[in-house]
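Read-outs throughout are calculated quantities, based only on the coordinates presented, and are distinct from any laboratory measurement. Since the model is a prediction, treat every value here as computed from it, not as a measurement. Backbone-built Cβ (ideal geometry, glycine too); neighbour counts: all protein chains shown.
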């Protein structure tokens, strides 16, 4: 049976954030809000939790997870970022964008695209997500909460709890955070290539 925390969307309660991070560190799978939709997250080094998320979403081992980071310094640890790309990222973060970048040797192989050696990273503009990341001190391994056979993510924390209470360890009710996915931007070759248009405005990457 999963736990259920109601965390204030603007002023997250430190006690509940710490408890959530303890669950993540202990190998838990959590549902948490972002600036685009609710997501499933777990500790970056926990293969067992990663496999649990794959089972919930019915994902194969080729599906790429996203590293959700608190700021650009964390992104630079796991991805190669040129000066030009850094300027673009500084302009677009935090925000509802996922960036595809070349992975560094710091990134576990299981999180890389096996052919391109790339990784998806993002910095969310959501107070609860940022509080979790700050307390955790490292990125969350994450994927959107879209159940098998559905096109849109789940948006109601109470429905999420009812559906997943035996499959996740914690559901965080952070209120409404939307249902649009992130805009995905490929920056592998330093020139922005929009792979998916979502909540983030892609025009900021136009010349």
Name the shape class, rounded, prolate or oblate, that the alpha-carbon gyration tensor gives for the chain, where a ≥ b ≥ c are the square roots of its eigenvalues, rounded holds for a/c under 1.5, and otherwise prolate holds if a/b is larger than b/c and oblate otherwise.
prolate
Extension length gain for residue 156 and residue 191 (0.36 nm per residue less Cα distance), in nm, is 8.9 nm
What does the extension gain come out to for residue 13 and residue 80, with contour length at 0.36 nm per residue minus their alpha carbon separation?
20.7 nm
If each of residue 203 and residue 125 carries a label point 7 Å out from its Cα toward its Cβ, how far apart are those two points in nm?
1.5
Where both residues lie in the range 3-205, what percent of DSSP beta bridges are antiparallel, nearest 5?
60
Listed highest first by mean packing, meaning other Cβ atoms within 10 Å per residue, what order do 11-18, 99-106 come in?
99-106, 11-18
Quick one: angle between helix 47-57 and the longest Cα principal axis of the chain, in degrees between 0 and 90, rounded to 10, please.
80
Give me the angle, in degrees from 0 to 90, between the Cα long axis of helix 83-92 and the longest principal axis of the Cα atoms of the chain, rounded to the nearest 10.
40
Arranged by the count of other C-beta atoms within 10 angstrom, fewest first, what order do 97, 4, 205 take?
4, 205, 97
What nm value, rounded to one decimal, do you get for the distance between residue 6 and residue 147 when each label is placed 7 Å out toward the C-beta?
2.3
Extending each Cα 7 Å along its Cβ direction at residue 91 and residue 166, get the distance between those two points in nm, one decimal.
5.1
